[in-house]
Amino acid sequence: PEVRKRFLEMLREMGAPLPADIENTTENFTKSAPPVQEDLQGKISHLKSVFDSSLDNLSRDSKMLKQKQKQLSKMKTFDDLVLFMQQSGLSNQEIKVAMEANEMGNSEAVQRILSEAVARSFNKSSMEREEQIIDQI
């Protein structure tokens, strides 16, 4: 649009006759066109607010992970572990399978079950936040 406007202005300066429909179109176009700088400032401002929101979410996630780590380090009994697992989103079936795998010495299975549960819990909250961010954009 800017190039077209400059080109038409150059033709006018040279004295070239322009058809009426082109003349009217350019006048209407230049009146209704928003300034590019204002549009970019609006986009930058919006993206900054989305970035700030994402940063807040990451900070909240970091605090949550530190709290979980603190809870794990304070565990003394088996019941504490089971309660933590339930609060972390593991079903009773998953806890049972993890405990049986642990009794059999299959630490890889225990690690897989716990990792999947943590990922599922984390992904759920992350996905909800991502959806909120996408809605903002």
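Computed from the coordinates by the stated procedures, all read-outs in this text should not be read as laboratory data. None of the values given here were measured: they were computed from a predicted structure. Reconstructed Cβ throughout: ideal geometry from the backbone, glycine too, with neighbour counts over all protein chains shown.
With r as the distance between the Cβ atoms of Met14 and Asp52 and R0 = 35 Å, compute the FRET efficiency 1/(1 + (r/R0)^6) and round to 0.05. Walk me through the numbers before you get to the answer.
On the way: r = 51 Å, r/R0 = 1.45.
E between Asp52 and Met14, to the nearest 0.05, is 0.10.
Could you calculate the FRET efficiency of Lys70 with Glu100 from 1/(1 + (r/R0)^6), where r is the beta carbon distance between them and R0 is 22 Å, rounded to 0.05? Kindly include the intermediate steps, with their values, before the conclusion.
Numbers: r = 28 Å, r/R0 = 1.28.
Computed FRET efficiency for Lys70 and Glu100 comes out at 0.20.
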